[in-house]
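Colleague: First the structure, then my questions, so here it is.
The values are calculated or read from the model by the stated rules, or taken from the named source; none is laboratory data. Since the structure is predicted, the reported quantities are computational estimates derived from the model, not experimental observations. Reconstructed Cβ throughout: ideal geometry from the backbone, glycine too, with neighbour counts over all protein chains shown.
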Amino acid sequence: MKIRIARGLAALLPAAALFCAGCSSAGRANVSPVPGLAPALVSAPAAGRPAGRSKDPKKSLFVIERSLNSNVVHYDAQLDPDGRLDPKEPVIGYWVMLAEQGQIAQLNWIEQLRAYGFTTELNPSGNTYKMTLSSAPGRPMLIKNVGEDVRAEGLINGRPAIIERIYVKLSEGVLGPKVKTIEVHGTSLLTGEHSREIIEPD
């Protein structure tokens, strides 16, 4: 499958969504427990942390960070009692408001539609899912169990890798913040080494 990396990532987080999304939870009607998560104060797990099997029904896949503030979007795999991806809802996404008190907040409908929402589709071959971010349809990821691990696989510099973190650097523009660079971080499936791709939007 041909993946158009630069354009897909450039569209990943539109400037308007980047500027407003996750700025504050004040007045957000969606600050409530996220399905599969306990309403508690949390701290962000280290990106790329191994997700060994345990009784925890969720495992961290990857995060999106921005230079605007320390609020981050987490994407977690949800597991059934056997440690396999839950067919009812294999992946969930939510804010961790680290710029405030570390509380969890749901994505609002605009964020789901334009910037951070996603779809999952079961692959006919078995318990793996294609995950596509709403604003990056040309860059799908594969969510899969690998032994006791659960991970998101995609492309970094055109080569297969485990996706762990996406960092968006913003600069001030006349009409508001603009995307300056997008960094995709992960682990190469070919070498096991850290992989990084820096993309400058057109």
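Colleague: Could you say whether any residue in the range 114-121 is free of Cβ contacts under 8 Å to residues at least 40 places away in the same chain, under 15 Å from Val184 (Cα atoms) and acidic (Asp, Glu)? Outline the logic, then answer.
Modeller: Taking the range 114-121 as the starting set, the residues that turn out to be free of Cβ contacts under 8 Å to residues at least 40 places away in the same chain are 117, 119-121.
Subset that is under 15 Å from Val184 (Cα atoms): none.
Scanning the range 114-121 turns up no residue that is free of Cβ contacts under 8 Å to residues at least 40 places away in the same chain, under 15 Å from Val184 (Cα atoms) and acidic (Asp, Glu).
Colleague: Quick check: anything in the range 76-89 charged (D, E, K, R) and crowded, with 21+ Cβ neighbours inside 10 Å?
Modeller: Yes, there is a match, as at least one residue in the range 76-89 is charged (D, E, K, R) and crowded, with 21+ Cβ neighbours inside 10 Å.
Colleague: Let me ask something else. Pull up the range 94-126, narrow it to residues that are part of a loop (DSSP other than H, G, I, E, B) and under 17 Å from the mean Cα position of the chain (by Cα), then point me to the one that is surrounded by the most Cβ atoms within 10 Å (Cβ to Cβ). Reasoning before the result, please.
Modeller: Step one: filter the range 94-126 for residues part of a loop (DSSP other than H, G, I, E, B), giving 98-102, 106-108, 116-117, 123-126.
From the residues that got through so far, the ones that are under 17 Å from the mean Cα position of the chain (by Cα) too are 98, 106-108, 116-117.
Details: Leu98: 17, Gln106: 21, Leu107: 21, Asn108: 18, Tyr116: 24, Gly117: 17.
If we take residues in the range 94-126 being part of a loop (DSSP other than H, G, I, E, B) and under 17 Å from the mean Cα position of the chain (by Cα), then Tyr116 is surrounded by the most Cβ atoms within 10 Å (Cβ to Cβ).
Colleague: Another question about this same structure. If I ask for residues that are among the charged types (D, E, K, R) and in contact with a Lys or Arg (Cβ under 6 Å, 6 or more places away or on another chain), which ones from the range 139-182 would you list? Please lay out each step first, then the result.
Modeller: First, the residues of the range 139-182 that are among the charged types (D, E, K, R): 139, 144, 148-149, 151, 153, 159, 164-165, 169, 172, 178, 180.
Within the range 139-182, Glu148, Lys169, Lys180 qualify.
Colleague: Residues of the range 127-182 being in a strand (DSSP E or B), buried (at least 16 other Cβ atoms within 10 Å of the Cβ) and of a type in the set (S, T, N, Q), which ones?
Modeller: Thr128, Thr132, Asn145
Colleague: May I ask you to list the residues in the range 183-193 that are assigned to a loop (DSSP other than H, G, I, E, B) and either polar (S, T, N, Q) or at pLDDT below 95 (or both)? So that I can check it myself, show each step before the final result.
Modeller: Taking the range 183-193 and keeping what is assigned to a loop (DSSP other than H, G, I, E, B), we get 189-193.
Once the filter is applied, which keeps residues that are assigned to a loop (DSSP other than H, G, I, E, B) and either polar (S, T, N, Q) or at pLDDT below 95 (or both), the range 183-193 yields only Thr191.
Colleague: If you don't mind, there's one more thing I want to ask. Looking at Leu68, is it of a type in the set (A, V, I, L, M) and either within 21 Å of Val184 (Cβ to Cβ) or part of a strand (DSSP E or B) (or both)? Give the derivation first.
Modeller: Values: of a type in the set (A, V, I, L, M): yes; either within 21 Å of Val184 (Cβ to Cβ) or part of a strand (DSSP E or B) (or both): yes.
Taking the combined requirement at face value, the residue satisfies it.
Colleague: Out of the range 123-160, which residues are farther than 25 Å from Gln112 by Cα and of a type in the set (A, V, I, L, M)?
Modeller: Val146
Colleague: Something else: Taking interchain pairs and intrachain pairs at least six residues apart, which have beta carbon atoms under 7 angstrom, with the first residue in the range 153-174 and closer than 21 Å to Gly192 by Cα and the second of a type in the set (Ser, Thr, Tyr)?
Modeller: Pairs that qualify, where the first residue is closer than 21 Å to Gly192 by Cα and the partner is of a type in the set (Ser, Thr, Tyr), are Ile156/Ser195; Asn157/Ser195; Arg159/Ser188; Ala161/Thr187; Ala161/Ser188; Ala161/Ser195; Ile162/Thr187; Glu164/Thr187.
Colleague: Considering only the range 65-112, state which residues are among the charged types (D, E, K, R) and touching a Lys or Arg at 6+ places or on another chain (Cβ under 7 Å). Give the steps one after another, and end with the answer.
Modeller: At the first step, the residues of the range 65-112 found to be among the charged types (D, E, K, R) are 65-66, 76, 80, 82, 84, 86, 88-89, 100, 111.
Within the range 65-112, Glu65, Asp76 meet the criteria.
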